[in-house]
Amino acid sequence: MSAALVPLAPLLLVAATAGLLIVLDLLPPREGKGHLGVVALAGVVAALAGALTLWGREGRAFGGMLLLDNFAVFLDVVICYAAALVLLLSMDYLRRNGMESGEYYILVLLATLGMMLMAQAADLIVIFLALELMSLSLYVLAGLFRGRLTSAESSMKYFLLGAFATGFFVYGIALIYGATGTTALDRIAAASGGLQRDPLLLIGFGLLLVGFGFKISSVPFHMWVPDVYEGAPTSVTALIATGSKAAGFAALLRVLFSTFKVAQPDWALLLWVVAVLTMTLGNVIAIAQSNLKRMLAYSSIAHVGYMLVGVVAGGALGAGGVLFYLLMYTFTTVGAFGAILLLERGRQEAVELDDYAGLAARHPLLALTLALFLLSLVGMPPTAGFAGKFYVFGAAIRSGYIWLAVIAVLNSAVAAYYYLRVVVYMYMREAEGVPTRPAPSFAGRLALGVALWGVFQLGLMPAPVLDLAQAAVAPLLR
Amino acid sequence: MSGVVFFLVAILAVASALGLVLRRNPIHGALFLVVNLGCVAVMYLLLGAEFLALAQVIIYAGAIMVLFVFAIMVLIPGKEETGPDPLRLQRLLALPLGALLLVEIALILQSSVFTAAPHPGVQPGYAAGAGGIQSVGRLLLRDYLLPFEVTSVLLLAALVGVLALAKRKAG
């Protein structure tokens, strides 16, 4: 019995913590729910540690619907890192905005549970339910700042467009079931070998890609991103940008590489086009943004384009590169959003570019931290961003996608402009108006510290983690 | 036997459908609809689709009808449509009726319904085992246990989410 539960251990830890929080939320003290954040953090860190000890083990549970392999463990770790950092950032942030509630922490944990389930699912039904668990929690979290119109707008748009994407996804599952008579990923793979040009299967697969495209926010399913990222509470934005993307890529990579391996030439061509469109559109529109959260939203679209370059390249180097990129992107993006979240002007969050003018003179440490995260997003050595881009683009060249790599590098050059503009504002402009100041938050600083450690750990010594990432994709590629 | 039951239920179904259409009071209409849905559930049972019959009772006659009645009561207030104040009589009846219900529950729990073999007229898995409670239950709790559990967590998330969005900030 206990052996059968081993593959579930990280999931059970997160689920049990969520249940515990529901009970603790009812107990006193009624005012101040900071202790719930600490409990949630402990649960996520325990799940992270649990996942790490499971490295190298293989197992299945629930009649093969749930599986544990190195791929699932790697993504569980990425997701747990994202959730833990977001929880650290949330604690003081919620209190400062007067929105501290037990429900917030419960929903963050349930969203995390959904994400981890997506990484471990081996059946389309489970992927679908996990996707919904994650999305539903995030819809609510995005609208949690009820007093703000932008937050309500963000939640509403996310919900409506997300429900629409879900429709595509379920329809795709139904068609695939119609074509193959099963929803289990390995049995679909076995059945699709004989059905290569079956229209039912191909349409179902296409609809599935639409659903995934929405969750990872690739063009042309990216419309929701800027408004949702801008309106949602910044800590929730960080979770949407990192955790939900990692979960989307987890299920997408598993479906592409292990289930629809026979169709690889077809989907590689399709994703080639999507990757180029995604990174170009994201970068070009990001140039015009003066709101930092919006700018990072478009930049996140561009980064999905870079990750898709790795997916197109394929093989252990390409798919492993995507996993490495996801980990480094999680540290960098949570860090960047975290720095924004800590800075306030008056009682408001400082999100406009002008708010950052002259920041280096008054708060050199925070300015330096934000600058380092932005440089990692640009892809400057020795930050993690450089290593991530190097591996992904290198994989594309090795697989013969020279033009794709050229376009990606040109895009990175364009992107440098708008990231470095923020740095220029911080270091070379004079401040105007009410001075911005960083909020005194120990947990927030700790989160930035951990994220910074991740950025440099992956930037200075990327090879060990890349080896792990390549070992992680091995189960998909065999 | 089942023919007799069918005709009785069919007559009741038609009568309740007529009552639903002909009564002016919307609450009475809703109650007739409950009877009608119950009759349809019995017909499902006669066909051997036990799961469908149970779902019909729980979902339609139970949950959806409660919603209907609530909506009617909220949207159409006014005593002239619900008659004279029924609450006085209800309050007097509440206690004995509640006690009666408790006795009934106790009797059912003690009877052989839960232990004896299934009723001979209702064979489990009648339609090639497709609609039977056993086969549905087996699918739900063995083959699809994980989706079943995840669905319950999903509903929990929805509950917490509704609370978070609807709760008014104290102070």
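Restricting to Cα pairs below 8 Å that are 6+ residues apart, what does the relative contact order work out to for region A:312-425? Please round to a whole percent.
34
Taking square-rooted eigenvalues a ≥ b ≥ c of the alpha carbon gyration tensor, is region A:44-180 rounded, prolate or oblate, where a/c under 1.5 means rounded and, failing that, a/b exceeding b/c means prolate?
Here region A:44-180 falls in the oblate category.
As an exercise, use a Förster radius of 35 Å and the Cβ-Cβ distance of B:Gln110 and B:Leu140 to find the FRET efficiency, rounded to the nearest 0.05.
Efficiency, rounded to the nearest 0.05: 0.80.
Per-residue Cβ counts within 10 Å, from other chains only, averaged over A:117-127: what number is that?
That average works out to 2.
For labels at A:Asp467 and B:Leu89 in the simple 7 Å Cα→Cβ model, what's the distance in nm?
Calculated label separation equals 8.4 nm.
Grab the DSSP H runs of the protein assembly as shown that are 4 residues or longer, score each as -39,500 (n - 2.57), total them, divide by all residues and round the 222 nm result to the nearest 500 deg cm²/dmol.
Taken over the protein assembly as shown, the calculation gives -24000 deg cm²/dmol.
Whole angstrom only: what separates the Cα centroid of region A:38-70 from the Cα centroid of region A:437-478?
18
Taking 7 Å along the Cα-to-C-beta vector as the label spot, tell me the A:Val424-B:Thr151 distance in nanometres, rounded to one decimal.
Those two pseudo-labels are separated by 5.7 nm.
Restricting to Cα pairs below 8 Å that are 6+ residues apart, what does the relative contact order work out to for region A:173-289? Please round to a whole percent.
Taking the mean separation of contacting Cα pairs over the length of region A:173-289, I get 30 percent.
Counting Lys +1, Arg +1, Asp -1, Glu -1, what net charge surrounds A:Glu430 among other residues with beta carbon under 14 Å of its beta carbon?
Net charge in that neighbourhood comes out at -1.
Taking a ≥ b ≥ c as the square roots of the Cα gyration tensor eigenvalues, with a/c under 1.5 meaning rounded and otherwise prolate when a/b beats b/c, else oblate, which class fits region B:1-58?
Note, shape of region B:1-58 comes out oblate.
Once you list every other residue whose beta carbon is under 10 Å from the beta carbon of A:Leu67, what net charge do they have if Lys and Arg are +1 and Asp and Glu are -1?
Net charge around A:Leu67: -2.
Would you mind getting me the FRET efficiency between A:Ala361 and A:Ala288? Use the beta-carbon distance for r and R0 = 30 Å, nearest 0.05.
It comes to 0.65.
Mind checking the dipole of region A:3-477: about its Cα centre, +1 per Lys or Arg Cβ, -1 per Asp or Glu Cβ, Debye to the nearest 20?
260
Work out the FRET efficiency for A:Gln264 and A:Ala474 from their Cβ-Cβ distance, taking R0 = 22 Å, and round it to the nearest 0.05.
Calculated transfer efficiency: 0.85.
What net charge is computed for the residues neighbouring A:Gly37, neighbours being all others with C-beta under 13 Å from the C-beta of A:Gly37, Lys and Arg scored +1, Asp and Glu -1?
Its environment carries a net charge of -2.
If contacts are Cα pairs under 8 angstrom and at least 6 residues apart, what is the relative contact order of region B:1-58 in percent?
31
Of A:Leu21, A:Ala405, B:Val150, which is farthest on the positive side of the dipole of the protein assembly as shown, counting Cα position, with +1 on Lys and Arg Cβ, -1 on Asp and Glu Cβ, and the Cα centre as origin?
Farthest towards the positive pole: A:Leu21.
Could you tell me which of rounded, prolate or oblate describes the protein assembly as shown, using a ≥ b ≥ c as the square roots of the eigenvalues of the alpha-carbon gyration tensor, with rounded for a/c under 1.5 and, failing that, prolate when a/b is larger than b/c and oblate otherwise?
prolate
Grab chain A and count how many Lys pairs have their alpha-carbon atoms under 20 Å apart, sequence gap of 8 or more, or different chains.
Taking the Cα cut-off of 20 Å, the pair count is 7.
Taken together, the values in this text are just the output of simple stated rules run on the coordinates, not laboratory data. These figures come from a predicted structure and were not determined experimentally. For neighbour counting, all protein chains shown are included, and Cβ atoms are generated from backbone atoms with ideal geometry for every residue, glycine included.
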